[in-house]
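The values are calculated or read from the model by the stated rules, or taken from the named source; none is laboratory data. Computed from a predicted model, the values in this text were never measured in an experiment. Note that we place each Cβ from the backbone using ideal geometry, even for glycine, and neighbour counts take in every protein chain shown. Areas reflect the complete protein model, heavy atoms only, side chains present, ligands, DNA and RNA absent. Shrake-Rupley method; radii C 1.70, N 1.55, O 1.52, S 1.80 Å.
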Amino acid sequence: KLLTNLIHQYAPQTIVIAGGYHATLYEEDILKYSNFDLAIAGNGEEGLTEILKQIKQFGKWDKELFLANFKKQQSTSPISGLIYRDGELVKSNSRDNNRSIPNITPDYPLENNKTRVHILLESIGCPWNACNFCVHNKFVPVYHSRKVSDIVNEIKEMISQGIGLFRFAGSDTPPRYGSTIAEGILEAKLNVEYTMGCRAVKNCKDEQVYDETVLNFEKLIQSGLRGIFMGGETGNDTVNHEIMNKGIIAEDILYTIKAVRQAEHNVKQKITVSLAFIYPTPLAENVSLTEVFDDNIALITQSQPDSVMVTPPGPFKNTKWYCESDEYGFDLSEDIIPRTMEYEYVLYKPLDMWDEIPFSLKNMDFKEMLSESQRLRKFIESNLKIPTD
C-alpha cells in the first residue's frame, strides 16, 4: 500500500494491479481496504495479458478514461477473476477454476542475486481439500497433478541454469504420485535435491499400505528427496475429526513417519521430517485443552520428527472456522478482515512478540492463545529436545 501511494504520487497515470494470495482469498476486500486500482483473483497471467492488449489498442493514454471504458466492457467481455471499482461499489468477475498447470519456466540470469532454489509447481490444489481451517479450496477448488514428463523437462531446464535445489510447491504430493515423479527423475539421471509437502497416508498401519508407502519413499529419497513437511494439526483424534475435518488420525501420522524412517534406513540417506500443529484449537465436546496438549506431546514423542511447527489457530476468510465461527467458539471483531489482511506472520519470531489481533477463542483472547501456543513450543524444545519452526 505504501508503494502504491508513492506510484500514485509520482506516476499518477500508472495502473497498479494487485494479485496473489491476498487478492484470491479476500477478493472484493482487497480493493475495499486498499488503494490498488485493480486486482485479479486466481491466475493473473491471462488477465494481465488481456489488460495489456486493451491498453495497446487504446491510443493516447489517459488512465481514468481507460479505466472507465474498461469497467464498462466487463459486463460483455469479463476478464476471469478481475476485481474493480464501479463508483462506490467493488465488483468481481467469476473465476475460471478449470485450469491446468502451464508449462512456463523462469529465466534466472547470472547477474540475478535470487537464491538459487526453484519453486516447482508439481500440483495445484489439495487431494483432500476439506479441512475446516484451510483456504486451499478457495485458491484452487479442484486438485490437478502435473504430467511427470513436464516436471522432468522443467527440472532439466533449471539444471541448465545452474539450479539443483527445488521445492515442490503443491500443498500435498501424495507418496504414490511422488514416486512416479521420482521414477522420471531417476530415469533421466538428474542430480537434484528437493523438499515437498505430504499428508499422512490414511490407514498406513495396514501392512500392505505401509509396505507400499515405504517403497514410494525409497524411490523419492533415491531421486533426491531431502525433506518433507506434514500437517499433523493435533494428536487428538476427536479434535482432528470434529474440529479440523483432517481425514486422518494420529495413527496414520505415526505410521507414515515410521514408513519414512524405514525408507530412510533402507536407502541409507537421512531426510528431514517437519510436523506441523495448530495449538490451541477449538475443542470438541468432552475434550479439554489439557488432553489436546498431552496428545500432541504423545504423538511427537512417538513419531520423533526432526522439527515441529506450532501455530495458533486462525479463522481465515472463507474457511469453515470463519463462516461458522460461533459454532467453533471464535468471536470475531468487525474489523477482522482488514486486520488479518495486514497482519505480519513471522513464524520464527517468538509468539509473545506477535501483535494483538481482534478475535478470541472461547475465553482466550489472541495474546492468551499465543501464550498457550508458546507453552507447547517451549515444552517440545526443552523436554523433547526437538527444535521448533
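Ranked highest first by average number of other Cβ atoms within 10 Å, how do 198-210, 57-69 line up?
Top to bottom by mean Cβ count within 10 Å: 198-210, 57-69.
Along the Cα→Cβ direction, 7 angstrom out, place labels at ILE119 and ARG375. What is the inter-label distance in nm?
If labels sit at ILE119 and ARG375, their model points lie 3.6 nm apart.
Which three numbers, in whole Å and largest first, are the semi-axes of the equivalent ellipsoid of the stretch 95-240 derived from its Cα gyration tensor as √(5λ)?
That gives 27, 20, 14 Å for the three semi-axes.
For the stretch 52-161, what is the charge dipole size about the Cα centre, in debye to the nearest 20, if Lys and Arg each add +1 at the Cβ and Asp and Glu each add -1 at the Cβ?
Its charge dipole is roughly 280 debye.
Label 7 Å along Cα→Cβ of GLU183; the stretch 138-153 residues with amide nitrogen under 19 Å?
145-153
Would you mind working out the accessible area per residue for the chain, using a 1.4 Å probe, and quoting it in Å²?
About 51 Å² of surface per residue is accessible.
Restricting to the stretch 108-267, compute how many DSSP beta bridges are antiparallel as a %, nearest 5.
In the stretch 108-267, DSSP labels about 15 percent of beta bridges as antiparallel.
Ignoring ligands, DNA and RNA, please state the percent of accessible area on the stretch 275-378 from carbon and sulfur, probe 1.4 Å.
Answer for the stretch 275-378: carbon and sulfur cover 47 percent of the accessible area.
Suppose each label sits 7 Å from its Cα in the direction of the beta carbon; what would the THR4-ARG176 distance come out to in nanometres?
The modelled label-to-label distance comes out at 4.4 nm.
Grab the Cα-Cα distance for ASN191 and LEU67, subtract it from 0.36 nm times how many residues apart they are, and report the gain in nm with one decimal.
39.7 nm
With r as the distance between the Cβ atoms of ASN266 and ASN286 and R0 = 35 Å, compute the FRET efficiency 1/(1 + (r/R0)^6) and round to 0.05.
0.25
Using the crude model of +1 on Lys and Arg Cβ and -1 on Asp and Glu Cβ, and no other charge, please compute the dipole size for the chain relative to its Cα centre, in debye to 20.
So the magnitude is around 1280 debye.
Once both axes come from the Cα atoms, what is the angle between helix 366-383 and the longest principal axis of the chain, in degrees from 0 to 90, rounded to 10?
Relative to the chain, helix 366-383 is tipped by roughly 40 degrees.
Roughly how many percent of the accessible protein surface of the stretch 107-206 is carbon and sulfur, given a 1.4 Å probe and a whole-percent answer?
After summing per-atom areas, the C and S share lands at 53 percent.
Select from the stretch 299-369 those chymotrypsin sites (Phe, Trp or Tyr not before Pro) which occupy a DSSP coil region and have at most 15 other Cβ atoms within 10 Å, ordered by residue number.
Of the chymotrypsin sites (Phe, Trp or Tyr not before Pro), the ones in loops of the stretch 299-369 whose Cβ has at most 15 other Cβ atoms within 10 Å are TYR343, TYR345, TYR348.
Reachable lysines from LYS219, Cα under 26 Å, same-chain residues fewer than 8 places away excluded?
Filter leaves LYS147, LYS156, LYS189, LYS202, LYS205, LYS258, LYS268, LYS270.
So who's got an amide H within less than 5 Å of the one on ALA41, skipping anything under 5 residues away but keeping other chains? H placed 1.01 Å off N, in plane.
Hits under the 5 Å cutoff: LEU82, ILE83.
Quick query: amide H of PHE166 versus all other amide H atoms, modeled in the peptide plane; which residues come in under 5 Å with a sequence gap of 5 or more or a different chain?
HIS118, GLU193, TYR194, THR195
Each residue of the stretch 247-258 in order: what ³J(HN,Hα) in whole Hz does its phi give by Karplus 6.51 cos²θ - 1.76 cosθ + 1.60, θ = phi - 60°, with x for Gly and Pro?
x, 9, 10, 4, 4, 4, 4, 4, 6, 5, 5, 4
Measure off 7 Å from each Cα along the Cα-to-Cβ vector at MET353 and THR76, then give the distance between these two points in nanometres to one decimal.
5.7
Tell me, for the chain, which Cys residues have no other cysteine's C-beta sitting closer than 4.7 Å.
CYS126, CYS198, CYS204, CYS323
Apply the Karplus curve 6.51 cos²θ - 1.76 cosθ + 1.60, θ = phi - 60°, to the phi angles in the stretch 285-300 and return the couplings in whole Hz, x for Gly and Pro.
4, 6, 10, 9, 5, 4, 4, 5, 4, 5, 5, 4, 4, 5, 5, 5
Using just the helices of the chain, give the 222 nm mean residue ellipticity in deg cm²/dmol: DSSP H runs with n ≥ 4 each add -39,500 (n - 2.57), and the total is spread over all residues, rounded to 500.
Rounded to the nearest 500, it is -12000 deg cm²/dmol.
Give me a comma-separated list of calculated 3J(HN,Hα) values for the stretch 53-62, in order, Karplus coefficients 6.51, -1.76, 1.60 applied at θ = phi - 60°, integers in Hz, x for any Gly or Pro.
Working through the residues one at a time gives 4, 5, 5, 4, 7, 6, x, 4, 7, 9 Hz.
Cα axis of helix 175-187 to longest principal axis of the chain: angle in degrees, 0 to 90, nearest 10?
Orientation of helix 175-187: about 80 degrees from the principal axis.
State the extension gain, in nm to one decimal, for the chain segment bounded by GLU50 and THR301, taking 0.36 nm per residue of separation less the distance between their alpha-carbons.
Going from the current span to full extension adds 85.0 nm.
State the extension gain, in nm to one decimal, for the chain segment bounded by TYR21 and GLU207, taking 0.36 nm per residue of separation less the distance between their alpha-carbons.
Result: 63.0 nm gained on full extension.
Going by amide H atoms built from the backbone, whose H comes under 5 Å of the H on VAL310, apart from near neighbours?
Sorted by chain and number, the residues that satisfy this are PHE277, ASP389.
Could the peptides 235-243, 2-10, 263-271, 126-134 be put in order, highest first, of the mean number of other beta-carbon atoms found within 10 Å of their residues?
Going from most to least packed, we get 235-243, 126-134, 263-271, 2-10.
So how tilted is helix 63-73 from the main axis of the chain? Cα-based, degrees 0 to 90, rounded to 10.
The answer is roughly 70 degrees.
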